[in-house]
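Notes to accompany the following structure.
Here, each number is a calculation from the coordinates, and none is a lab measurement. Bear in mind that the values here come from a model prediction, so they are computed numbers and not experimental data. We place every Cβ from the backbone using ideal geometry, glycine too, and count neighbours over all the protein chains shown.
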């Protein structure tokens, strides 16, 4: 046996197949094909000179020697995790602070889960979160050194480093008794009073620009600052509104949600000051943010 030929990928495949009981499920867990898992196991068996699994119609079962080898594989992978943790500690991840500035909807519906997972992995790092009204306040906090990471939805100026995290769709909110198709039509939208944020609000500017680009009139019957107030007015049948999905949560159970005739999205971005002396803790949190995909785990409820 040539021990230098044994790879960590083979050991991970070995552990995954033992846990899943078949090659295809192990491949799904590892993010590789079934054939790649089969090749890894066959190569490992060749190097060890023993059969690790009994293959059959009902999956893969550990042989007696495979069962004994599994303990060693777990031990080796655990040692690798220990090495990774020690390396993190040496890079300064045993403590420190991460200061985040964000607007309300992301601070409410996205960041708590990210922070909770981050604290599980790095419990000694302190994470603070400041809510700002509008991207201007977030950018000012970054420039003044009061925040390490900003979450914004406006295109940032060139002075910032930027990463796109995800996109948030704008939808039409309607009262429980409204009758409208999905996606709603422009003619149906025009039948209702429109409840909008002030003209200077970023979302209002984006929505008005979208309506203008498709040559649709937009006249607000009510101008309201707070998202929760807008939703309450829609719920009472005073009109409809166009709002980002993330900003609309949590919705009353009977309020109706429709897609716009032509989709509109806002881009959620993480930004930092490029010349700031960021700590390893800040870079670790940026890595956690980059794993964010679809924050809307619970679908919107439609009226029955």
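Could you tell me what a quarter of the Cα convex hull surface of the range 159-228 works out to, in nm² with one decimal place?
Working: hull surface 27.3 nm².
Hull-based average projected area comes out at 6.8 nm².
What value in Å³ per residue do you get for the convex hull of the alpha-carbon atoms in the chain?
It is 190 Å³ per residue.
As I understand it, the value is the acute angle between the Cα axis of helix 34-48 and the longest principal axis of the Cα atoms of the chain; what does it come to in degrees, rounded to 10?
30 degrees
What is the order of 243, 196, 83, 273, fewest Cβ neighbours within 10 Å to most? Numbers along the way, then the final one.
On the way: 243 25, 196 22, 83 10, 273 18.
Taking fewest neighbouring Cβ atoms as first place, the list is 83, 273, 196, 243.
Which value, in Å to one decimal place, does the Kirkwood hydrodynamic radius take for the range 3-90 when every pair of different Cα atoms is included? Intermediate values should be presented prior to the final figure.
On the way: mean 1/r = 0.0746 Å⁻¹.
The answer is 13.4 Å.
At what distance in nm do the modelled label points of residue 29 and residue 287 sit from each other, each positioned 7 Å from its Cα along Cα→Cβ?
In this crude label model, residue 29 to residue 287 measures out at 2.3 nm.
With a bin width of 5 angstrom, please list the P(r) values of the range 74-169 as percents of all Cα-Cα pairs, from the 0 bin to the one holding the largest distance.
Whole-percent P(r) values from 0 Å outward: 3, 11, 19, 19, 17, 13, 9, 6, 3, 1, 0.
How big is the range 103-242 by the Kirkwood estimate over distinct Cα pairs, in Å? Could the numbers behind the result be given before it?
Values: mean 1/r = 0.0569 Å⁻¹.
Every distinct Cα pair counted, the radius reaches 17.6 Å.
Just subtract the alpha-carbon distance of residue 265 and residue 143 from 0.36 nm times their residue separation and send over the number in nm, one decimal. The partial results should precede the final answer.
Details: separation 122, 0.36 × 122 = 43.92 nm, distance 2.71 nm.
Length gained, residue 265 through residue 143: 41.2 nm.
Between 0 and 90 degrees, rounded to the nearest ten: what's the tilt of helix 64-90 against the longest Cα principal axis of the chain?
Helix 64-90 and the main axis of the chain meet at about 50 degrees.
For the pair residue 65 and residue 238, what calculated FRET efficiency results from E = 1/(1 + (r/R0)^6), where r is the Cβ-Cβ distance and R0 = 51 Å, to the nearest 0.05?
Details: r = 73 Å, r/R0 = 1.43.
Taking R0 as 51 Å, the efficiency between residue 238 and residue 65 is 0.10.
As a test of the formula, what do you get for the chain when each DSSP H run with n ≥ 4 contributes -39,500 (n - 2.57) and the sum is divided by the residue count, at 222 nm and rounded to the nearest 500 deg cm²/dmol? Numbers along the way, then the final one.
Values: 12 runs with 129 residues, N = 304.
When only DSSP H runs of four or more count, the value is -13000 deg cm²/dmol.
Compute the long axis of helix 8-20 from its Cα atoms, compare it with the longest principal axis of the Cα atoms of the chain, and write down the angle in degrees, 0 to 90, nearest 10.
Computed tilt is about 80 degrees.
Going by C-beta contacts inside 10 Å, put 58, 5, 109, 74 in order with the fewest on the left. Before the final figure, lay out the partial values.
Details: 58 8, 5 11, 109 19, 74 14.
The fewest-first ordering by Cβ neighbours comes to 58, 5, 74, 109.
Just check the range 161-291 against the gyration tensor rule for me: Cα atoms, a ≥ b ≥ c as the square roots of the eigenvalues, rounded for a/c under 1.5, and otherwise prolate or oblate depending on whether a/b exceeds b/c.
Here the range 161-291 falls in the prolate category.
In which sequence would 187, 148, 182, 201 go, from the one with the fewest C-beta neighbours within 10 Å to the one with the most? Numbers along the way, then the final one.
Details: 187 9, 148 24, 182 12, 201 17.
Fewest-to-most ranking of 187, 148, 182, 201: 187, 182, 201, 148.
Could you identify which residue out of 153, 203, 71 has the top mean-square fluctuation in a GNM of the chain using Cα springs shorter than 10 Å?
71
Nearest-5 percent of antiparallel DSSP beta bridges in the chain?
Beta bridges within the chain, antiparallel portion: roughly 65 percent.
Using a simple spin-label model with points 7 Å from Cα along the Cα→Cβ vector, what separation in nm is obtained for residue 97 and residue 166?
Inter-label distance under the simple model: 2.9 nm.
If you stretched the chain out fully between residue 47 and residue 158, how much longer would it get, using 0.36 nm times the residue separation minus the C-alpha to C-alpha distance? Each step should come with its number before you reach the end.
On the way: separation 111, 0.36 × 111 = 39.96 nm, distance 5.38 nm.
Using 0.36 nm per residue and subtracting the Cα-Cα distance, I get 34.6 nm.
Between residue 221 and residue 131, what FRET efficiency follows from the Cβ-Cβ distance if R0 is 35 Å, with the result rounded to 0.05? The partial results should precede the final answer.
Values: r = 29 Å, r/R0 = 0.82.
After rounding, the FRET efficiency stands at 0.75.
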